[in-house]
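This report refers to the structure that appears directly beneath it.
The values are calculated or read from the model by the stated rules, or taken from the named source; none is laboratory data. A quick note: this is a predicted structure, and the numbers were derived from the prediction, not measured. Backbone-built Cβ (ideal geometry, glycine too); neighbour counts: all protein chains shown.
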Amino acid sequence: MKRTILSMLFSASAFFASSCAKNDAGMNAKQNTYVLVHGAWQAPYVWDAVRTDLEKKGNKVIVVELPGHGADNTATYTLSIDAYSNKVIDAITKESDKVILVGHSMAGMVITNVAEKIPVKISKLVYIGAFLPAPGQTLENLSMTDPGSKLGPQLSQSADKLTLDVNKDSLTYLFINDGSAAAKQKVLDNYKAEPAIPFTNPVMWTNEKFGSVDKVYIKTLQDIVISPAMQDKMIATADIKTVYSLNTSHSPFLSQPKSVADLLYTIGQ
């Protein structure tokens, strides 16, 4: 009986100590503000699960809707990389602290441009399967140097040359081949033709500004929109030292949102 009581007391003490340690770890975790920017042919909905996960951990999350995407119907002929960047800058400059700026795919061009304009407001730049130009490159130029991409043959331009469409039969195969049926349907339901002009806008950056910001790249290893080989090439061009990998398609925030949220949280600590 005495041994049983002692055993119970020991177990209770161990549980209490473990609980205190977990609480201390949670209290000591760094809380960040994440600004999430979606890519082409997508919209803010793609970040829903990632946003929820990060917020549950006590972080602030701002999801930017780029002009001409989602519910925004800004006239296509007025759009540019600068128009996209200005929307992101508006969101960031309202924050008193530095932010972790995350961009996917085409938004890699946008966050690069933003970092050149307001480097002091950004603690980290995070590229997820994203375009990362050399100074003066356009997305159009950059994409032409990726023989591993399967996107090009599936694109068609509107008669006025202001938008680009993806062959609907290939849309989920290209963007989320490893996703659930529900995730694939979400991509189809939210599809919208992509403004074409920003693809032709060059992004300039300097070592003094863009180069001063800490950068992280998350590679998407099953990507057939931006091939892993192309991602490696861009990582080398920007001399990024911190690289993670996800064994996913082009849209990991839809196929493996928990993995993306966990990585972003780790990057912020």
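Take the conditions hydroxyl-bearing (Ser, Thr, Tyr) and within 16 Å of the chain's Cα centre (by Cα) and apply them to Thr93. Does it pass?
no
Return the total of residues in the stretch 77-86 being part of a helix (DSSP H, G or I) and surrounded by 18 or more Cβ atoms within 10 Å (Cβ to Cβ).
Selection size over the stretch 77-86: 4.
Taking the condition of being in contact with a Pro (Cβ under 7 Å, 6 or more places away or on another chain) and either of a type outside the set (Lys, Arg) or surrounded by 23 or more Cβ atoms within 10 Å (Cβ to Cβ) (or both), how many residues in the stretch 87-118 meet it?
So in the stretch 87-118, the residues in contact with a Pro (Cβ under 7 Å, 6 or more places away or on another chain) come out as 87, 109, 112.
Remaining after also requiring either of a type outside the set (Lys, Arg) or surrounded by 23 or more Cβ atoms within 10 Å (Cβ to Cβ) (or both): 109, 112.
Qualifying residue count for the region: 2.
Taking the stated definitions as given, is Asp72 at pLDDT 95 or above, closer than 30 Å to Ser149 by Cβ, within 20 Å of the chain's Cα centre (by Cα) and surrounded by fewer than 20 Cβ atoms within 10 Å (Cβ to Cβ)? So that I can check it myself, show each step before the final result.
Working: at pLDDT 95 or above: yes; closer than 30 Å to Ser149 by Cβ: yes; within 20 Å of the chain's Cα centre (by Cα): yes; surrounded by fewer than 20 Cβ atoms within 10 Å (Cβ to Cβ): yes.
The answer is yes for Asp72.
I'd like the residue in the stretch 149-165 that is of a type in the set (Ser, Thr, Tyr) and touching a helix residue (DSSP H, G or I) at 6+ places or on another chain (Cβ under 8 Å) and, out of all such residues, is farthest from Ala75 (Cα to Cα). Show your work before the answer.
Here is the first cut: in the stretch 149-165, the residues of a type in the set (Ser, Thr, Tyr) are 149, 156, 158, 163.
Filter again for touching a helix residue (DSSP H, G or I) at 6+ places or on another chain (Cβ under 8 Å), leaving 149, 163.
Details: Ser149: 29, Thr163: 11 Å.
Among those that are of a type in the set (Ser, Thr, Tyr) and touching a helix residue (DSSP H, G or I) at 6+ places or on another chain (Cβ under 8 Å), it is Ser149.
Please find, among Tyr45, Tyr34, the residue that is surrounded by 20 or more Cβ atoms within 10 Å (Cβ to Cβ) and either touching a strand residue (DSSP E or B) at 6+ places or on another chain (Cβ under 7 Å) or assigned to a helix (DSSP H, G or I) (or both). Give the derivation first.
Working: Tyr45 fails: surrounded by 20 or more Cβ atoms within 10 Å (Cβ to Cβ).
Exactly one residue qualifies, and that residue is Tyr34.
Pairs needed: first member in the stretch 112-135, farther than 11 Å from Val102 by Cβ and modelled with pLDDT of 95 or more; second member anywhere, assigned to a helix (DSSP H, G or I) and of a type in the set (Asp, Glu); C-beta distance under 8 Å; at least 6 residues apart or different chains.
Between residues of the stretch 112-135 that are farther than 11 Å from Val102 by Cβ and modelled with pLDDT of 95 or more and residues that are assigned to a helix (DSSP H, G or I) and of a type in the set (Asp, Glu), the close pairs are Asn113/Asp82.
Would you mention how many residues in the stretch 125-147 are part of a loop (DSSP other than H, G, I, E, B), of a type outside the set (Asp, Glu) and surrounded by 18 or more Cβ atoms within 10 Å (Cβ to Cβ)? Before you say what the answer is, go through the steps one by one.
Taking the stretch 125-147 and keeping what is part of a loop (DSSP other than H, G, I, E, B), we get 129-136, 138, 144-147.
Narrowing the set further to residues that are of a type outside the set (Asp, Glu) leaves 129-136, 138, 144-145, 147.
Next cut, surrounded by 18 or more Cβ atoms within 10 Å (Cβ to Cβ) only: 129-133, 138.
Residues that pass the stated criteria total 6.
Any idea which residue in the stretch 109-124 is farthest from the chain's Cα centre (by Cα), counting only those that are closer than 16 Å to Tyr34 by Cβ and assigned to a helix (DSSP H, G or I)?
Among those residues, the one meeting the criterion is Lys121.
Please specify each residue of the stretch 162-187 satisfying the condition of being outside any helix (DSSP H, G or I) and among the β-branched types (Val, Ile, Thr). I'd like the intermediate steps shown before the answer.
Our first condition is that a residue be outside any helix (DSSP H, G or I); within the stretch 162-187, this holds for 162-167, 177-180.
Within the stretch 162-187, Thr163, Val166 qualify.
Taking the conditions exactly as written (surrounded by fewer than 20 Cβ atoms within 10 Å (Cβ to Cβ), at pLDDT 95 or above and of a type outside the set (Gly, Ala, Ser)), does Lys209 satisfy them or not? Explain how you work it out, then say what you get.
Numbers: surrounded by fewer than 20 Cβ atoms within 10 Å (Cβ to Cβ): yes; at pLDDT 95 or above: yes; of a type outside the set (Gly, Ala, Ser): yes.
Judged against the criteria, Lys209 is a match.
Identify the residue in the stretch 211-269 that is in contact with a Pro (Cβ under 7 Å, 6 or more places away or on another chain) and not aliphatic (A, V, I, L, M) and, among all such residues, is nearest to Val61 (Cα to Cα). It would help to see each step written out before you state the result.
Step one: of the stretch 211-269, the residues in contact with a Pro (Cβ under 7 Å, 6 or more places away or on another chain) are 212-213, 219-221, 246, 259-260.
Checking which are not aliphatic (A, V, I, L, M) leaves us with 212, 219-220, 259.
Values: Ser212: 24, Lys219: 22, Thr220: 22, Ser259: 17 Å.
Of everything passing the filter in the stretch 211-269, Ser259 is nearest to Val61 (Cα to Cα).
The rows are residues; the columns are (1) surrounded by fewer than 18 Cβ atoms within 10 Å (Cβ to Cβ); (2) among the acidic types (Asp, Glu).
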site: Asp189; (1), (2): yes, yes
site: Phe199; (1), (2): no, no
site: Ala229; (1), (2): yes, no
site: Ile235; (1), (2): no, no
site: Pro252; (1), (2): no, no
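Here is a list: Ser212, Ser255, Ser249, Ser259. Which entry is out of contact with any helix residue (DSSP H, G or I) (no Cβ under 6 Å at 6 or more places or on another chain) and of a type outside the set (Val, Ile, Thr)?
Working: Ser212 fails: out of contact with any helix residue (DSSP H, G or I) (no Cβ under 6 Å at 6 or more places or on another chain); Ser255 fails: out of contact with any helix residue (DSSP H, G or I) (no Cβ under 6 Å at 6 or more places or on another chain); Ser249 fails: out of contact with any helix residue (DSSP H, G or I) (no Cβ under 6 Å at 6 or more places or on another chain).
Of the residues listed, the single one that is out of contact with any helix residue (DSSP H, G or I) (no Cβ under 6 Å at 6 or more places or on another chain) and of a type outside the set (Val, Ile, Thr) is Ser259.
Mind listing whichever residues of the stretch 148-172 are touching a residue at least 12 places away in the same chain (Cβ under 8 Å), surrounded by fewer than 17 Cβ atoms within 10 Å (Cβ to Cβ) and closer than 23 Å to Asp232 by Cα?
Correct list: Gly148, Lys150.
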